[in-house]
Amino acid sequence: HSAGHIRELCNKAIWIDNGELKMMGEVNKVCDAYVKAADEASNEQLKNIAALLEKENIPYFLDYGTLLGLVREKELIKWDDDIDLSFYKEDIAKVQQLLMRFVEIHNSELLSCECMTIKNAKNEVSSFALAFRSEREGILKFNIDFWVLTITDDLAIQTMNKCDKKHKHACNFRHCST
């Protein structure tokens, strides 16, 4: 469940992490502490990923809610449940290889990391996702999504993996001018 849903539905909450009781009490205090810890963990992993991408000279861009939060709020948006990065299509193989190395290095007894490849209807890679889960409970902590960016006629194009029916008219493609 998201912290927002828990706040709406509960007046008390318990935060258990890897079998250890971290906090129990009033829902807003527990959710605030949980969100702060999750933000710190996701910020740390974002820095790790950025360092690897830079070391390998792979251009990348902050995108979607991640970019919005850092520009507007000067930090990640508290209720955004993932981190979004984009990279050029020609770097797919290098990014995939880098993410596999990242998973090998960053799996631990407390936090497991899994890399998923997402393909579009044409069976082309449209994105990768790193899913970070607590090892014991298997609960998703956060995602880092890596979106493939194609430049065609000076237009940056990204394909979407899924779309709510109510937004279908806007989901045929995503683009922004370069």
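The values are calculated or read from the model by the stated rules, or taken from the named source; none is laboratory data. The structure displayed is predicted, hence computed values, not measured ones. All Cβ positions, glycine included, derive from the backbone under ideal geometry; neighbour counts span all protein chains shown. Side chains included, ligands, DNA and RNA excluded: accessible areas come from the protein's heavy atoms. Shrake-Rupley method; radii C 1.70, N 1.55, O 1.52, S 1.80 Å.
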Quiz prompt | Unique match (being out of contact with any helix residue (DSSP H, G or I) (no Cβ under 9 Å at 6 or more places or on another chain), surrounded by 12 or more Cβ atoms within 10 Å (Cβ to Cβ) and under 18 Å from Phe142 (Cβ atoms)) among Leu68, Leu85, Leu130 | solution = Leu68
Quiz item: How do the pairs read when you match residues in the stretch 143-158 that are loosely packed, with under 12 Cβ neighbours inside 10 Å with residues anywhere that are part of a strand (DSSP E or B), using Cβ under 8 Å and keeping only pairs 6 or more apart or on different chains?
Solution: Asp154/Ser177
Self-check item: the stretch 1-58: number of residues that are under 20 Å from Ala131 (Cβ atoms) and among the polar types (S, T, N, Q)
Solution: 6
Practice problem: Please enumerate the residues belonging to the stretch 69-89 that are within 12 Å of the chain's Cα centre (by Cα), modelled with pLDDT of 85 or more and of a type outside the set (A, V, I, L, M, F, W, C). | Solution: Asp84, Ser86
Quiz item: Does any residue of the stretch 40-53 turn out to be open to solvent by 60 Å² or more (accessible area, probe 1.4 Å), touching a helix residue (DSSP H, G or I) at 6+ places or on another chain (Cβ under 7 Å) and not acidic (Asp, Glu)?
Solution: no
